[in-house]
Amino acid sequence: MFRTIGMVLFVGFLAASCQNNLNRLHKPANGLTLAFYNVENLYDTIDDTKINDEEFLPTGKGQWNTQKFNQKLDNIAKVIASMDTNDFPDMIGLAEIENVEVLQLLAANKYIDKAAYELIHYPDHDDRGIEVAFMYRPEFFKPLASKPLDFVIDSMPNANPRHILYIKGIVATKDTLHLLINHWTSRYGGKDETVKARNAAGAFIRKVADSLLQSNAYANIIIAGDLNDNPNDESLTIHMNALPVSTTIEPAQLYNLALNPFLSGSGTLYYKSWDFFDQVIISSNLANPVKGNLKSGEIQIIKRDWMLYKTKEGIGKPNRTYSGGKYFGGYSDHLPVMVRFSFID
């Protein structure tokens, strides 16, 4: 099942815009960068009666207010500005954005406003009101179409998973990208109790990828998001069939850039140990280009000392805005990831 609200108007605008500006696309000097960041509860201070945002209101238990909200915007923007030491990231997938107004304020923040990010966002149906979004630099990437993809879980008829944001776009080399931005069902309530939802998401993504690859075996597909599973969990290895990157790349497959680093002990959030929930998965042609001009690099975890706090055991964990009901004014419980795609022409 696909949700297409706002699709006709949005795609019509993009088509006209791309027709006029396609020749203005540039190749980034240091390769094309794509990042993903779960910013953890980026809420405004206004009560939205359609969602459960009471915790993030001035009257809520966290006493969320304008000062704290502005601090959160500054913190997230500082992280984005630090992701690439050469320049701002060219494309960023985001999770846990409350609405488009919050997204607009983030893009306009003083630490990243020079990037002149443009935005793609669709309202979702999450009870908490946390949504995925996409920001891009129009001189390096031009969207051609986008839509939110909804899917159903046959074994969980009452489930209402967040949509997956699909974006089709083009870069200066005329290579087409198919982007899928995700935030899968969390493990809240137990991993085993929620695994069916993530397995269904993995299977759905596989169907979308197979459809694209059937039309073009060399399609450039990038799947990014907070999947709330590790790269070796069954949602990724069985239902999505995302393979580890190796010296042998098979055609028309999906490869998980996070799998080998996770098995080596890396991660993007810490509970009892490091988990690697924030992942980037690519199609074969980006791992070993046969047609086109883009080649994927390795996944990078953006992990600066100032984004962390150290436990008594000396472990540097992501510094959160709230933890244990206390306000710490940090960043997020997740670390962002980034991939650099080189131009090989």
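The values are calculated or read from the model by the stated rules, or taken from the named source; none is laboratory data. Since the structure is predicted, the reported quantities are computational estimates derived from the model, not experimental observations. Reconstructed Cβ throughout: ideal geometry from the backbone, glycine too, with neighbour counts over all protein chains shown.
The table for this structure:
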{"quantity": "Top-ranked residue in region 238-289 [being among the hydrophobic types (A, V, I, L, M, F, W, C) and in contact with a His (Cβ under 8 Å, 6 or more places away or on another chain); ranked as surrounded by the most Cβ atoms within 10 Å (Cβ to Cβ)]", "calculated": "Phe277"}
{"quantity": "Every residue from region 104-123 that is without any contact (Cβ under 8 Å) to a residue 12 or more places away in the chain and not aliphatic (A, V, I, L, M)", "calculated": "Asp113"}
{"quantity": "Residue satisfying all of: in region 53-84; among the polar types (S, T, N, Q) and over 20 Å from the mean Cα position of the chain (by Cα); nearest to Gly324 (Cα to Cα) among these", "calculated": "Gln63"}
{"quantity": "Output for region 161-207, where each listed residue is in a loop (DSSP other than H, G, I, E, B) and under 18 Å from Leu94 (Cα atoms)", "calculated": "Pro161, Arg162, His163, Trp184, Thr185, Ser186"}
{"quantity": "Number of the exception - Met91 against (1) in contact with a helix residue (DSSP H, G or I) (Cβ under 9 Å, 6 or more places away or on another chain); (2) of a type in the set (A, V, I, L, M); (3) within 26 Å of Leu227 (Cβ to Cβ)", "calculated": "(1)"}
{"quantity": "Leu243 being in contact with a Gly (Cβ under 9 Å, 6 or more places away or on another chain) and of a type outside the set (Gly, Ala, Ser)", "calculated": "no"}
{"quantity": "Members of region 100-136 that are charged (D, E, K, R), surrounded by fewer than 20 Cβ atoms within 10 Å (Cβ to Cβ) and either touching a strand residue (DSSP E or B) at 6+ places or on another chain (Cβ under 7 Å) or within 22 Å of Ala172 (Cβ to Cβ) (or both)", "calculated": "Lys114, Glu118"}
{"quantity": "Pick from region 246-297, criterion among the β-branched types (Val, Ile, Thr) and part of a loop (DSSP other than H, G, I, E, B), ranking: farthest from Ala81 (Cα to Cα)", "calculated": "Thr248"}
{"quantity": "Residue match in region 298-317 (condition: buried (at least 20 other Cβ atoms within 10 Å of the Cβ), part of a strand (DSSP E or B), of a type outside the set (Val, Ile, Thr) and modelled with pLDDT of 95 or more)", "calculated": "no"}
{"quantity": "Close pairs (6 angstrom Cβ cut-off, 6 or more residues apart or separate chains): without any contact (Cβ under 8 Å) to a residue 60 or more places away in the chain in region 300-325, charged (D, E, K, R) and part of a loop (DSSP other than H, G, I, E, B) anywhere", "calculated": "Pro318/Asp333"}
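Quick grid of which residues meet (1) charged (D, E, K, R); (2) in contact with a strand residue (DSSP E or B) (Cβ under 9 Å, 6 or more places away or on another chain); (3) farther than 26 Å from Asp44 by Cβ:
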site	(1), (2), (3)
Ile299	no, yes, yes
Glu313	yes, no, yes
Arg320	yes, yes, no
Gly324	no, no, no
Val339	no, yes, yes
